[in-house]
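Before any comments, here is the structure.
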Amino acid sequence: MSNLILNAQTLAPAVSFEARVKAASSAGYRGISIRPSEYNGARAQGLDDEAILKLLADAHVEVTEIGLATTWLPGAGGQAGVDGDEAVLWHMADIFKPRQLNCAMWEKQTLPDMIRGFGVLCDRAAAKGLLVALEFIPHSGVRDMLAGWQIVNGAARPNGGLIFDTWHFQRGGTAHEAITTVPADKWYTLQLSDARDVPWPEVREESRHGRLLPGEGVIDFDDIIGRLHTYGANPTISVEVISDTLHRLAPEVAARTAIELCIALLERLGIKPPWWK
């Protein structure tokens, strides 16, 4: 089994919690990320928390990340908390004891408000023993790496850091040289997927439907991953290939197809994915 994490969005939304765990285990992932929708779906199918934990333990798979928290400011979804699923996310933190809570901000907010809100979110998560990883997304209120780092750096919380999504980084247009302006230990997760040479007209739609497997597109993984590791960054690594093509496959096939190219890429670069424990 590898130390890779299967991101929830690599599998189709309709895939059940049990099928996700089985697909991850059979393909050789050690961890999975889970959203409230997957957890609520498991409960709706009759699985209580004890049964969910047993399913994970029997498969030797951990829930490593939970999220995505997106409305942690007043005026963003009308609530100054985590999001509409706040109670569910905190409950998931209690039962799964994951490494981190992933967050983003869809709406444009002022920088001081985002810094203050991110700090509050980090403080709440710290009470649960969680890191908080902010994701910069080109079609969101935090559009690129530099904007994301301004928020994390401004909040100055020991448990606050960033997600490096290779697809978002490519579409965000940040120069590769800027990667090392973020302290190495603030890169919490590296999410792998590839991008086409010519973007779709709507970047949001491409992000949700048209990502490619590593090696199928134009992202310079050698340079990006090389820069990260050369200056000491050692994030956990997640496979997040959001693709209609993968979503049409059986969960086991989609999970295996995605991990095989990621393992080949990392082996070629001499990278051994770390495990957070």
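The values are calculated or read from the model by the stated rules, or taken from the named source; none is laboratory data. Treat the numbers as computed from the prediction; the structure is a model and nothing was measured. Virtual Cβ from ideal backbone geometry, glycine too; neighbours counted across all protein chains shown.
A few points about this structure:
- Contact annotation: residue pairs with Cβ atoms under 6 Å, 6 or more positions apart or on different chains, pairing a residue in the stretch 218-232 that is aliphatic (A, V, I, L, M) with a partner that is at pLDDT 95 or above and outside any helix (DSSP H, G or I), are Val218/Asp197; Ile219/Asp194; Ile219/Ala195.
- Pair list, Cβ under 9 Å, 6 or more apart: the stretch 99-124 residue touching a residue at least 60 places away in the same chain (Cβ under 8 Å) and on the phi < 0 side of the Ramachandran plot, other residue of a type in the set (Phe, Trp, Tyr) and not in a helix (DSSP H, G or I): Arg99/Tyr188; Arg99/Trp276; Gln100/Tyr188; Gln100/Trp276; Asn102/Tyr188
- Given (1) touching a helix residue (DSSP H, G or I) at 6+ places or on another chain (Cβ under 6 Å); (2) closer than 17 Å to Met1 by Cβ, index of the condition Glu267 fails: (1)
- Residue within the stretch 131-149 that is closer than 28 Å to Cys262 by Cα and polar (S, T, N, Q) present: yes
- The helices (runs of 4 or more DSSP H) falling completely within the stretch 85-158 that include 2 or more residues that are surrounded by 24 or more Cβ atoms within 10 Å (Cβ to Cβ) and out of contact with any Phe, Trp or Tyr (no Cβ under 8 Å at 6 or more places or on another chain) map to 111-126.
- Reported count of residues in the stretch 214-263, each being of a type in the set (Val, Ile, Thr), in contact with a Leu (Cβ under 8 Å, 6 or more places away or on another chain) and either assigned to a helix (DSSP H, G or I) or surrounded by fewer than 16 Cβ atoms within 10 Å (Cβ to Cβ) (or both), is 4.
Results for (1) at pLDDT below 95; (2) more than 20 Å from the chain's Cα centre (by Cα), shown as yes or no for each residue.
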site: Ala59; (1), (2): no, yes
site: Val63; (1), (2): no, no
site: Gln79; (1), (2): yes, yes
site: Gly84; (1), (2): yes, no
site: Pro98; (1), (2): no, no
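- The one condition from (1) closer than 28 Å to Gly210 by Cβ; (2) touching a helix residue (DSSP H, G or I) at 6+ places or on another chain (Cβ under 9 Å); (3) in a loop (DSSP other than H, G, I, E, B) that Leu73 does not meet is (1).
- Taking the stretch 180-213 as the range and being under 24 Å from Met1 (Cα atoms) and assigned to a loop (DSSP other than H, G, I, E, B) as the test, the residues that pass are Ser193, Leu213.
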